[in-house]
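Every number in this text was worked out from the coordinates using simple rules, so none of it is lab data. None of the values given here were measured: they were computed from a predicted structure. Every residue, glycine among them, receives a Cβ derived from its backbone with ideal geometry; neighbour counts consider all protein chains shown.
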Amino acid sequence: MTYKKIPGWLSNNDGNILKTLAKIVPDNGTILEIGSYVGRSTCCISEEINESIDFYCVDIWNPSNLVDINDLNLLKQFNCDLSDIFPNEENFIKNTKKYNNIIRIKENIINIKINKKFDLIFLDALYTESYIKKIIKSYF
C-alpha cells in the first residue's frame with residue numbers, strides 16, 4: 001500500500017520532501033519518528049529506505065491523553081467513529097506490517113531515552129513549544 005492511501009495530514013509536497021530526506025540516510029543508519037499516528041509518514045519514509053536502517057516510531061497511541069473529555073463527548077453526539085479520528089496502534093501495525101525494520105515504542109517520548117545517534121529525526125506530532133524544547137534537550 002502506498003502511503004498516500006493511509007489517512008493523515010502529510011501532504012504530497014511534504015511527503016516528497018520527507019522522501020528526499022529519507023534517501024540520504026546511510027545504510028545501517030537510524031531514524032526516529034515522534035508521533036507516528038496510523039503510519040502515513042512512517043510508510044512514506046519506509047518506501048525510500050532499506051531494511052538495514054533501524055526506524056524507531058514513538059507514539060502514545062492513546063486518545064484519552066490527547067483530547068479533553070468534553071471534546072470526546074461532543075464527537076460521540078455526532079456519531080463519529082473515534083477509531084477513525086484518533087491514532088490507534090492496531091491501525092499503525094496494519095499499515096506498516098510489510099516493513100520489518102520498524103521498532104515501535106508505545107510511550108511518551110520525554111519519558112524514555114533511546115541511546116542512539118539518529119541520522120534523521122521527524123517530529124510529527126501535536127506538541128507545545130515547551131514540550132518540543134524538552135525533546136530537543138533530551139536528544140541534542
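Numbers at a glance
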read-out	value
Sparse-neighbour loop sites [GluC sites (Glu not before Pro); the range 2-52; at most 12 other C-beta within 10 Å; DSSP]	Glu51
Cross-link pairs Lys98/Lys137; Lys4/Lys94; Lys23/Lys133 - those with Cα-Cα distance over 22 Å	Lys98/Lys137; Lys23/Lys133
Karplus-derived 3J(HN,Hα), 6.51/-1.76/1.60, for each residue of the range 20-25, Hz, glycine and proline x	4, 5, 4, 5, 8, 6
5 angstrom amide H check on Leu120, placed H, neighbours 5+ away	Thr30, Leu32
Extension gain from Thr128 to Asn50, taking 0.36 nm per residue of separation minus the Cα-Cα distance	24.8 nm
Using θ = phi - 60° and Karplus 6.51 cos²θ - 1.76 cosθ + 1.60, couplings along the range 133-138 (whole Hz; Gly, Pro as x)	4, 5, 5, 4, 5, 6
Local electrostatic count, Ile60, Cβ distance below 11 Å [Lys/Arg +1, Asp/Glu -1]	-2
